[in-house]
1. Name the pairs whose Cβ atoms lie under 8 Å apart, with the first residue in region 47-76 and of a type in the set (Asp, Glu), the second surrounded by fewer than 11 Cβ atoms within 10 Å (Cβ to Cβ) and not in a loop (DSSP other than H, G, I, E, B), and 6 or more positions between them or separate chains?
2. Just give me the residues in region 77-93 being over 21 Å from residue 56 (Cβ atoms) and in contact (Cβ under 8 Å) with a residue 12 or more places away in the chain, in sequence order.
3. Please go through region 18-50 and pick out each residue that is over 30 Å from residue 71 (Cβ atoms) and of a type in the set (S, T, N, Q).
Amino acid sequence: MSAVVEQPVEAVKEVLHPYYPRDAHLPHYVASQFSMNESLATLGSAILVLAVVSAFLISKARTPLSGKDKLVVIWMMVCAGIHIVLEGYFSFNHGSLAGKQT
C-alpha cells in the first residue's frame, strides 16, 4: 500500500530557486533577467571606472607616490567601492532582495 502525501496549495505555488538549502523560504524570489556575461560586464565596467577615477585623483596629489604605492591606493579604492556599494545595498534591501532585478 502506498501513501499519498498531499501538499498544501501554497507549497505548489512557491517558486523554485537555485540556492541552498533548496527548501529555504524565499517568498519574493524572481529569476534574474540578466545573463552571467551581462552581470560580469557591468561589474567590470564599474571597477574600471573606479580605478580610472582613483588614478586620476592620485595623479593630482601633492605628494608623489611610487608606482607600487599608486597600485595599492587604486586597489584599496576599488575594494572600498565594492564593499560600500554591494554590502550597503544588501544591508538596506536584504528583506526584499530575492525579488529584485538588481
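A short reminder: the numbers here are calculations on the coordinates, not readings from a lab. As the structure is a computational prediction, the values presented were derived from the model and not from experiment. Virtual Cβ from ideal backbone geometry, glycine too; neighbours counted across all protein chains shown.
1. Close Cβ pairs satisfying both conditions: none exist.
2. Of everything in region 77-93, just one residue is over 21 Å from residue 56 (Cβ atoms) and in contact (Cβ under 8 Å) with a residue 12 or more places away in the chain, namely 89.
3. To start, the set of residues in region 18-50 that are over 30 Å from residue 71 (Cβ atoms) comprises 18-35.
If the condition is that a residue be over 30 Å from residue 71 (Cβ atoms) and of a type in the set (S, T, N, Q), then 32, 33, 35 are the ones that fit.
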